Amino acid sequence: MLLLLCAMACRSSSDSPGVRPRQLRDVPARRLAFNFQADIQPPANLAAEDLKTIIPAIQQSFDQRHPDYALVRTIVSPDNQRALALYNTTDEPSQTFRIDLYSADGNFLRDVTPPELAVVFQDSVAWSADSSFIAFVGRRSTQAEPSPTPIETFTPAVPSASPDLPVPVPTVAPAFAPLAIFSTEQIYLCNRDGYDLKPLTTRDGLIYFALSWAPDTHALVALACRESEWQAREREFKTPAGRPRLISLDGEERLLDDQLAEAPPVWSPDSSKVATAFGATIGIYDAASKAPTQARIELRERLLSASATFDEKSAPGKSKPADSPSKAGATPAPATAAALPVSFNPIARLEWPAPDKLYVETAYISVRSELIKTFSRWHLLILSPQAAVLK
């Protein structure tokens, strides 16, 4: 009997469950494996990058309130109850905006931004997924004004013979609480009613952009770079690049990487991880972990091979690149820019619609008078736990 009990105890110990994760969010970023699929169809329900919708009811109300201003875009909250109106003023540069808050049916609620705060980057004005918060990027306006003071309007004299008539009260411009404003682009946050406006970041000298809300609203992710870095890429007609940073709702900030990322960061749908791209490399970071890890997925060789196949199918019979070996066993010459496949381009965009599916868009992007994107192709990474995690 004693031997039988000992044998059962040993078997129970050896057969005990290990660290096999129940779901992908439990797998650290550095323990992810992937399968690469080249040149697939774009993900379903892909949001257009240049979508600029305007709600007709808000346009009508806006034209009555601001006949001299131009309404640029309306952004509806996820619960379809409210909407933000982005508009240009006559005394500001065309690339800066102000924000008003409306109900979804077109009723004006309040001004969100004071005159001295200029909103920039339309794609970085975003509602949280639960419609509780509004985040955007802003900096000091070039036409900065002092805090608004009451504006008196003409009040007609009331005859002394009619003392019971109501006396008109002078109108007052929108009042804003004191707000810290910086010379470079910072992230600002307010609640769904447009109140409690405050800066989330206060690093004057850094430019924040490409912000995105976590699906569970626990934090934001954004890119940030120095002014000199922004200007250098602007002179080269390149899109901005910045270091990814995780920002909590109380303003705490975690630098995810020291390298400049070129693709806007995206969240996994379970809010556990963040991904961005550096040329032909993808970086994945744990966002909801006490001991965060990170991973690099190098795709250059896979993308080069896929691009060569893509070019061959697009132009059958075309001669091979000059550096291709002429016979079996020959050592290939070092790759040069001229020898690269025509369709080979860096990663420009990521989409993460499911925990195990990360879509990758490669494209050539140039910024002249406007953003130009060509040679767009989509690829897919199927993510899974590494074999070591499953043992």
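The values are calculated or read from the model by the stated rules, or taken from the named source; none is laboratory data. Because the structure is predicted, anything quoted here is derived from the model rather than measured. We place every Cβ from the backbone using ideal geometry, glycine too, and count neighbours over all the protein chains shown. Note: areas computed on protein heavy atoms with side chains; ligands, DNA, RNA excluded. Shrake-Rupley method; radii C 1.70, N 1.55, O 1.52, S 1.80 Å.
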Note on the range 357-372: residues in contact with a strand residue (DSSP E or B) (Cβ under 6 Å, 6 or more places away or on another chain), of a type outside the set (A, V, I, L, M) and surrounded by fewer than 17 Cβ atoms within 10 Å (Cβ to Cβ) are Tyr364, Ser366
Could you please find all residues in the range 185-195 being in contact with a strand residue (DSSP E or B) (Cβ under 7 Å, 6 or more places away or on another chain) and either surrounded by fewer than 18 Cβ atoms within 10 Å (Cβ to Cβ) or charged (D, E, K, R) (or both)? Glu185, Asn191, Arg192
Exactly one of Asp111, Asp91, Asp105, Asp39 is touching a residue at least 40 places away in the same chain (Cβ under 8 Å) and open to solvent by 90 Å² or more (accessible area, probe 1.4 Å), and that one is Asp105
Test each condition in (1) at pLDDT below 95; (2) touching a Phe, Trp or Tyr at 6+ places or on another chain (Cβ under 7 Å); (3) over 22 Å from Asp193 (Cβ atoms) for His66 and report the one that comes out false. (3)
Only unsatisfied item for Ser228, checking (1) open to solvent by less than 50 Å² (accessible area, probe 1.4 Å); (2) part of a helix (DSSP H, G or I), is (1)
On the basis of being of a type outside the set (A, V, I, L, M, F, W, C) and in a strand (DSSP E or B), does Pro264 make the cut? no
Considering residues of the range 267-282 that are farther than 26 Å from Phe133 by Cβ and in a strand (DSSP E or B) only, the residue nearest to the chain's Cα centre (by Cα): Ala277
